[in-house]
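Notes for the one structure printed next.
The values are calculated or read from the model by the stated rules, or taken from the named source; none is laboratory data. As the structure is a prediction and not an experimental result, all values here were calculated from the model. Neighbour counts are summed over all protein chains in view; Cβ atoms, including those assigned to glycine, are modelled from backbone coordinates with ideal geometry. SASA here: full protein model, heavy atoms, side chains in, ligands and nucleic acids out. Shrake-Rupley method; radii C 1.70, N 1.55, O 1.52, S 1.80 Å.
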Amino acid sequence: MLEGIIEDIRVYPVEIPLARKFSTSMATQKTGSFVIVEVCSGELSGFGEVDPRPHITGETIDSAVAVLNKYLVPVVIGKSIFDLGSIHQAMQVVELNPSAKAAIDIGVFDLMGKIMNKPVRDLLGGLKNKPVILNAWAGIEDDLDKVLETILKKVERGFKRAAKVKAGLDYRRESQLLKRLVDALPGGMDIIVDANQAWSFRSAKRQLAEMAEMGVTIAEQPLRSDDLLGMQKLADSVPLALMADESVWTARDAFNLARMGAVSMFNLKLIKCGGLYQAMKFLGVAESAGISCMVGSTVQTSISAAAQAHLAASSNVIDLADIVIPDEFLVTDIAEGFKVEGGAVVFSDKPGLGLEVDKGLIKRFLVH
């Protein structure tokens, strides 16, 4: 008989050095801060991850640890991992803190897969033959040649579904980059520009019209997250698809944006929506509204990356995968098993997330 009662949850705050910085218009990361959780039942355990980003969810490594230890862990101890609704309802003991909740959720799914001897994507209703092809992307760099080189190297390796560049700091330089990028990319790829809320309505309207002429097909979060009417007006004014990121967190947000006709795409991030269980609700809204999704991420370990990949493999609504590959940034990853070949995620039939987590490495990078 499968019980799967949560007996313990261990919380490990870690900081892993980055091999190179990661910059957007909102922030620059020089160190990888994460909180790893281990959900224990009997002899088995599942692993989840918090990616605390103050500029995204308002969470820090210290606040995430405090919320987990004081509020979230106590209310889910003793619950069955199969009672996901009850687990998420209990975690409403605190508002917000979505990435802390996502960590427990991902750990529960990993453990559930191990108990049932099934990959997480199967638990989510996975599509057996759906490839998950990652975007070719780069962050903001001082050297445009470096950005272009990063993306084109990925395209050569098979990342040929879409290319994505960050924008919002210097339009003149960004225009130069896009012109060069469009000329160098093979045909048929989507080109995404992500401004991370950096533009006003007037500048966004002008710049996106020019970018569309260059060949850009998708604009991600050009306006402030709370400017939904601006996004709605912009959607009617520019000849490309608008994608919401910071404007859309929950299934309710997705419903409201769809009802307004403000965007035609959503960026679904587990650290924003609160985990895989909530993501499935989100995807149900998107599917009903006929809106496609991109699964998004930040600098992360293989735990978060694998969870995003399993989600992407579970739904036809997810058309794009903006999954940060851990070894592109981390000096050392704390888990093995997340693999990418030819631009696509390589899934194994191992249960849960399909990872081997190295607790020795967790201890090495533990924040005391």
Too-long pairs where the Cα-Cα distance tops 20 Å, listed order kept, from 114/269; 269/359; 101/272; 153/339; 160/233; 101/363: 114/269; 269/359; 160/233; 101/363
Residue-averaged [θ]222 nm for the chain, counting only DSSP H segments that reach four residues, each worth -39500 (n - 2.57): -10500 deg cm²/dmol
Full-extension gain in nm, residue 7 to residue 69, via 0.36 nm per residue minus C-alpha separation: 20.9 nm
Estimated distance in nm for a label pair at residue 183 and residue 213, the labels positioned 7 Å out from Cα along Cα-to-Cβ: 1.7 nm
Accessible heavy-atom area order of 367, 340, 108, highest first, probe of 1.4 Å: 367, 340, 108
Dipole magnitude (debye, nearest 20) for the range 1-131, charges at Cβ of Lys, Arg, Asp, Glu: 560 debye
Values of log10 I(q)/I(0), in the order q = 0.08 Å⁻¹, for the chain under a Debye, Cα-only, solvent-free model: -0.37
Separation in nanometres of the label points that stand 7 Å from Cα toward Cβ, at residue 359 and residue 226: 4.5 nm
For residue 295, net neighbour charge (Lys/Arg +1, Asp/Glu -1) across residues whose Cβ lies under 12 Å away: -1
Accessible carbon and sulfur surface of the chain relative to its total accessible area, %, 1.4 Å: 49 percent
Under 18 Å from the residue 176 label point (7 Å along Cα→beta-carbon), backbone N, the range 123-150: 139-150
DSSP bridge pairs, the chain: antiparallel proportion in percent, nearest 5: 55 percent
Volume per residue that the Cα convex hull of the range 14-106 spans, once the total is divided by residue count, Å³: 103 Å³
Charge sum, other residues only, whose C-beta stays under 11 Å from residue 167's C-beta, Lys/Arg counted +1 and Asp/Glu -1: -1
Per residue, in Å², the accessible surface of the chain once ligands and nucleic acids are set aside, probe 1.4 Å: 41 Å²
GNM top mover of 106, 140, 303 - the chain, alpha-carbon springs below 10 Å: 140
